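Right, one structure below, let's go through it.
Bear in mind that the values in this text are calculations on the coordinates, not laboratory data. Given the structure is predicted, the values throughout are model-derived calculations rather than measurements. Heads up, the Cβs are rebuilt from the backbone with ideal geometry, glycines too, and the neighbour counts pull from every protein chain shown.
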Amino acid sequence: MSNLMFSETFGKNVRKVLSVAEEKNVDSVLLLYQPNMFYVTGVREPTGFVILSNSCGNYIGTSILDYSRISKLSPRDFELLAFTRRSDEKFEEIEIGPAKIIKGGMKEAILTVLKECNARRVGADIKFLGVEIAKLVENISKSLGADLIDLSDDISKVRSVKDDWEIEYMVRAQRIAEAALKRAIESLNDGIKEQEVAGIIKYEMLKNGAWRESFSAIVAFHENTAYPHHTPEDRILGPSGPVLIDLGSLYRGYASDMTRTLWWGEGGSKFRKLLEIVLEAQQTSIDVIAPGVAAWEPDNAARKVLEKHGLSKYFIHGLGHGVGVEVHEKPYLGPGSKETLEPGNVVTSEPGIYIVGLYGIRIEDMVLVTKKGRKVLSSISRIIT
């Protein structure tokens, strides 16, 4: 992997967000949603808050409790602040490093920075936040007498278009997931439990350089494959039957997502025919993916294939979603999507059919929207025998 500098990676993301702020006449951007904070800092598992400003610099605020860890990860482009965890805590004069120490909780720290920046129009990622934190942001803006502008949709849009370095990280995440999938398939035997295979997947990802799984792997045997979001349990793999594995890894903060379904053991001829139909639906949808295409169109293409075979009633979710610093983000590929695909989007195509009490089949791959078409980012076969 390339060893890029901050200015060539997350620094670009800072500039993208500040560019949006400038367009909206926002002088300071307050970020409190962890994936958004990571997106502009590259700090693994950031805590506290981030403030970006074209006029008075960029800040990371964290509690004294987490200061030492964050200080090792924080880029030089940001000023680091420390605050006590609660405003009513006793504050003692302690040496924690070069950070500016604010006597008070997170609210007081945010107010201190925004006042010093003379903020009059504050942009924030409000839609990403829970009710309590969103109210905190609203109270802060009122205390300042500043206008509050929700930049959530703008940030989602910015995040949805990946630069080459982001795609590089995602491809690496995908290769780690593929290696884990191969190891998981090798581990299958008559008597192994779903949760055992899930454990093997997690171990292999961590061993091969992932920060963690991008989501808890779905491992389903037999009739459990008909549940799209099945949680691995102590279900045992019998002499023969279907296996569904949905997995992804997180590499340097960027996610991957992939699903494979196969038949274990003898028999399964009818199942394999259905698997070929799902593959046809997926490939047809992938062929539609291109810049300028409405995001509902690939979904519609997959449904038409399944409808032709009398299976569309078993396709009970949208075709796919964007992937990036979160495993589910914009754009969404579904019947009601009003978005348009553009170069740099990384989306999934994951048609599936789910026949409760019998089995389910899903095939999923990440697809990069290029300037002239698309590129499938996986390198592992979609049909596993």
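Okay, here's what the table says:
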| quantity | calculated |
| --- | --- |
| Environment charge at residue 168 (Cβ cut-off 12 Å; Lys +1, Arg +1, Asp -1, Glu -1) | 0 |
| Amide H contacts under 5 Å for residue 235, placed H, 5+ residues apart | 194, 195 |
| Percentage relative contact order, the chain, counting C-alpha pairs under 8 Å, at least six apart | 13 |
| 3J(HN,Hα) from dihedral phi, the stretch 197-213, Karplus parametrisation 6.51/-1.76/1.60, rounded to Hz, x for glycine, proline | 5, 4, x, 4, 4, 4, 4, 5, 5, 5, 4, 9, x, 6, 5, 5, 5 |
| Calculated Cα Rg over 2.2 N^0.38 Å (choose from [x] 1.10; [y] 1.59; [z] 1.03), label | [x] |
| Length released on extending from residue 380 to residue 142, taking residue separation times 0.36 nm less the Cα-Cα span | 80.3 nm |
| Selection from 170, 144, 156 lying farthest towards where the dipole of the stretch 143-185 points positive, charges on Cβ | 170 |
| Two-site FRET efficiency, residue 338 against residue 15, from Cβ-Cβ distance with R₀ of 35 Å, rounded to 0.05 | 0.80 |
| Entries of 157/207; 330/375; 270/304 with Cα pairs more than 26 Å apart | 157/207 |
| Percent of beta bridges antiparallel (DSSP, the chain, rounded to nearest 5) | 70 |
| Rounded to 10°, Cα long-axis angle of helix 64-73 versus longest principal axis of the chain | 70 |
| Virtual paramagnetic centre 7 Å along Cα→Cβ of residue 163, amide N under 12 Å, in the stretch 24-50 | 40-42 |
| Cα-based reach from residue 103 at 28 Å (exclusive), listing lysines while leaving out same-chain residues under 8 positions away | 72, 90, 115, 135, 142 |
| Restricting the stretch 253-294 to GluC sites (Glu not before Pro) in coil, as DSSP defines it, with at most 14 other Cβ within 10 Å | 266 |
| Spatially proximal aspartates and glutamates relative to residue 107 (Cα-Cα < 13 Å; intrachain offsets below 8 disregarded) | 88, 132, 138 |
| Within-15-Å neighbourhood charge of residue 209 [Cβ basis; K, R +1; D, E -1] | +4 |
| Neighbour cut-off at most 10 other Cβ (10 Å), DSSP loop, trypsin sites (Lys or Arg not before Pro), the stretch 285-385 | 338, 371, 372 |
| 12 Å beta-carbon shell around residue 50, net charge (K/R +1, D/E -1) | -3 |
| Linear extension gain, residue 317 paired with residue 266, 0.36 nm per residue minus alpha-carbon span | 15.3 nm |
